[in-house]
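Step one of this worksheet: look at the structure below.
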Amino acid sequence: MKRYLVTGGCGFIGSNFIKYMLGKYSDINIVNLDLCTYAGNLENLSDIENDKRYTFVKGDIGDEKLVKDLFQKYDFTNVINFAAESHVDRSIKNPEIFVKTNVLGTVNLLQRAKEHWLIGEDKYKDGVKFVQVSTDEVYGSLGEDGLFSEKTPLDPHSPYSASKTSADLFVKAFYDTYKFPCNITRCSNNYGPYQFPEKLIPLVFNNACNLKTLPIYGTGLQIRDWLYVLDHCKAIDLVCEKGRIGEVYNIGGNNEKTNLFIVKSIISYVHDNVNTECSEALIKHVEDRKGHDLRYGIDASKIKNELGWEPETPFEKGIVLTLDWYKNNKKWLKNVTSGAYQNYYQMMYGDKNE
Ligand code: NAD
Ligand code: DAU
């Protein structure tokens, strides 16, 4: 039986991943180690919290003793490291915590896994693997043409992407130095249920429903490659099961859209399904993000050719599934946008969001 340590499982992608795995495999055990920062929410997992195959542990991935004890107690066969500070704007305001969690935390996990799994020089227990959930932002920004492949040089621009790149380099170093069994996945922008509303899609949906201004950084012509979160979860599972040890796999939606297109799609949905007063008049172009990457676009041919993965959810379907979910879970949105979120919103956008 596989025994997973999933870190950051109370966040957006981690919570979707845990539910996907429990739904897919019956003979599985998952321990979710999460510090429950502002982005981690136990409510995201309330429907599976009593599942006997699932255990929640509150704690820091950088806590040496805690992670060591968890390896002793549960004898994990796999680690999937989602835990991170994940928001670019926050990294611009306060980079240090990104180094602590994303770099030092990852190195602690690598060390503890290596200690527990090593059985001889460069030899590890059968079937064990560490998957580092990374991001396309490590490649920097594209111009009008081309796509990020796994061979694209690393060129991060924000403190967030610099910290993720640094973590990737430690994972690579563990493979190069110790033959540590690992993979790195680099995915494009995810969308779907349970995303914290500091990120573009849930933020704009929430504001649009309340007829608040919709902040677009700069021109709004920046491009992201959007992937439905469940498709990302499937790709991570596949990489964990079948990925060649030591390899990097890009994951993308083959779905490049400008920010303006995304915002206008949300306005149209809210107008038709929530509030007919919602219109493009709510759009407000605000000061651009510092160091704003212009375009991300993923070449996902390696994971397609080697592992048979392709995005399954067309954007037109995924965005409706997503916005329907937020519409039907207004209480969740209200809970996560109360308290500290209001201070964050005021700092970023100059007014409260109540
Ligand atoms: P998120 O911010 O929603 O969740 C992060 C989770 O990590 C939270 O539950 C938080 O409590 C937890 N956490 C933070 N610091 C911790 C610590 N020190 N110890 C333990 N837990 C801690 O993030 P997300 O959007 O779900 O992203 C998950 C991972 O996927 C991140 O590593 C991110 O870099 C990567 N990623 C995200 C996207 C995206 O579009 N959201 C795309 C590609 C890759
Ligand atoms: O590409 C993968 C990355 O996608 C992940 O590694 C990150 O963890 C995740 O946060 C996401 O980063 P982005 O910076 O692309 O996502 P965000 O939702 O913050 O912004 C998407 C785009 O929208 C970006 O160009 C900035 C813009 N934006 C964002 C916000 C919050 C706005 O124009 N206005 C806003 O209010």
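The values are calculated or read from the model by the stated rules, or taken from the named source; none is laboratory data. Computed from a predicted structure; not experimentally measured. Note that each Cβ is placed from the backbone with ideal geometry, even for glycine, and that neighbours are counted across all protein chains shown. Accessible surface is based on the protein model in full, side chains and every heavy atom, while ligands, DNA and RNA are left aside. Shrake-Rupley method; radii C 1.70, N 1.55, O 1.52, S 1.80 Å.
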>> For the stretch 269-306, give me each residue that is under 23 Å from the mean Cα position of the chain (by Cα), over 20 Å from Ile92 (Cβ atoms) and of a type in the set (A, V, I, L, M).
In response: Ile298, Ala300, Ile303
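What helices (runs of 4 or more DSSP H) completely inside the stretch 1-116 contain at least 3 residues that are in contact with an Asp or Glu (Cβ under 6 Å, 6 or more places away or on another chain)?
So the answer is none; nothing clears 3.
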> Restricting the stretch 2-51 to residues that are charged (D, E, K, R) and touching a residue at least 60 places away in the same chain (Cβ under 8 Å), which is nearest to ligand 1 (Cβ to nearest atom)?
Replying inline: Glu43
> Which ones in the stretch 145-159 are surrounded by fewer than 21 Cβ atoms within 10 Å (Cβ to Cβ) and either among the aliphatic types (A, V, I, L, M) or within 15 Å of ligand 2 (Cβ to nearest atom) (or both)?
Replying inline: Leu147, Thr152, Leu154, Asp155, His157
> modelled with pLDDT of 95 or more, part of a helix (DSSP H, G or I) and hydrophobic (A, V, I, L, M, F, W, C): does that describe Trp332?
Replying inline: yes
> Looking at Asp288, Asp272, which one is under 30 Å from Ile251 (Cβ atoms) and out of contact with any Pro (no Cβ under 6 Å at 6 or more places or on another chain)?
Replying inline: Asp288
> Just for the stretch 49-71: of the residues that are in contact with a Leu (Cβ under 6 Å, 6 or more places away or on another chain) and of a type in the set (Val, Ile, Thr), which one is least open to solvent (accessible area, probe 1.4 Å)?
Replying inline: Ile61
> Does Thr7 meet the test of being surrounded by 17 or more Cβ atoms within 10 Å (Cβ to Cβ), of a type outside the set (Lys, Arg) and closer than 22 Å to Thr106 by Cα?
Replying inline: yes
>> Can you pull out every residue in the stretch 89-109 that is open to solvent by less than 20 Å² (accessible area, probe 1.4 Å) and farther than 26 Å from Cys182 by Cα?
In response: Asp89, Ser91
> So which pairs qualify, if the first residue must be in the stretch 329-353 and farther than 10 Å from Asn206 by Cβ, the second must be open to solvent by 60 Å² or more (accessible area, probe 1.4 Å) and assigned to a helix (DSSP H, G or I), the Cβ gap must be under 8 Å, and the two must be at least 6 apart or on different chains?
Replying inline: Trp332/Glu43; Asn335/Glu43; Met347/Lys93; Lys352/Gln346
> Is it the case that some residue within the stretch 176-185 is on the phi > 0 side of the Ramachandran plot, open to solvent by 10 Å² or more (accessible area, probe 1.4 Å) and either at pLDDT 95 or above or touching a Ser or Thr at 6+ places or on another chain (Cβ under 6 Å) (or both)?
Replying inline: yes
>> Of the conditions (1) under 16 Å from the mean Cα position of the chain (by Cα); (2) crowded, with 23+ Cβ neighbours inside 10 Å; (3) over 25 Å from Lys114 (Cα atoms), Ala208 satisfies every one except a single condition; which number is it?
In response: (1)
>> Looking at the structure I just gave you, is Arg90 in contact (Cβ under 8 Å) with a residue 12 or more places away in the chain, more than 30 Å from Met348 (Cβ to Cβ) and not aromatic (Phe, Trp, Tyr)?
In response: no
>> Anything in the stretch 126-136 that is touching a residue at least 12 places away in the same chain (Cβ under 8 Å) and either closer than 23 Å to Tyr74 by Cα or assigned to a loop (DSSP other than H, G, I, E, B) (or both)? List them, or say none.
In response: Gly127, Val128, Lys129, Phe130, Val131, Gln132, Val133
> Of Tyr25, Tyr74, which residue is open to solvent by 10 Å² or more (accessible area, probe 1.4 Å), in contact with a strand residue (DSSP E or B) (Cβ under 6 Å, 6 or more places away or on another chain) and not β-branched (Val, Ile, Thr)?
Replying inline: Tyr74
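Quick grid of which residues meet (1) within 18 Å of the chain's Cα centre (by Cα); (2) of a type in the set (Gly, Ala, Ser):
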site	(1), (2)
Ser166	yes, yes
Phe196	yes, no
Thr213	no, no
Thr219	no, no
>> Go through (1) away from ligand 2 (no atom under 16 Å from the Cβ); (2) open to solvent by 40 Å² or more (accessible area, probe 1.4 Å) for Ala162 and report which single condition fails.
In response: (1)
> In the stretch 221-253, what count of residues is obtained for those that are over 27 Å from Asp126 (Cα atoms) and away from ligand 1 (no atom under 15 Å from the Cβ)?
Replying inline: 1
> Does Leu42 qualify as being within 28 Å of Tyr124 (Cα to Cα) and among the aliphatic types (A, V, I, L, M)?
Replying inline: no
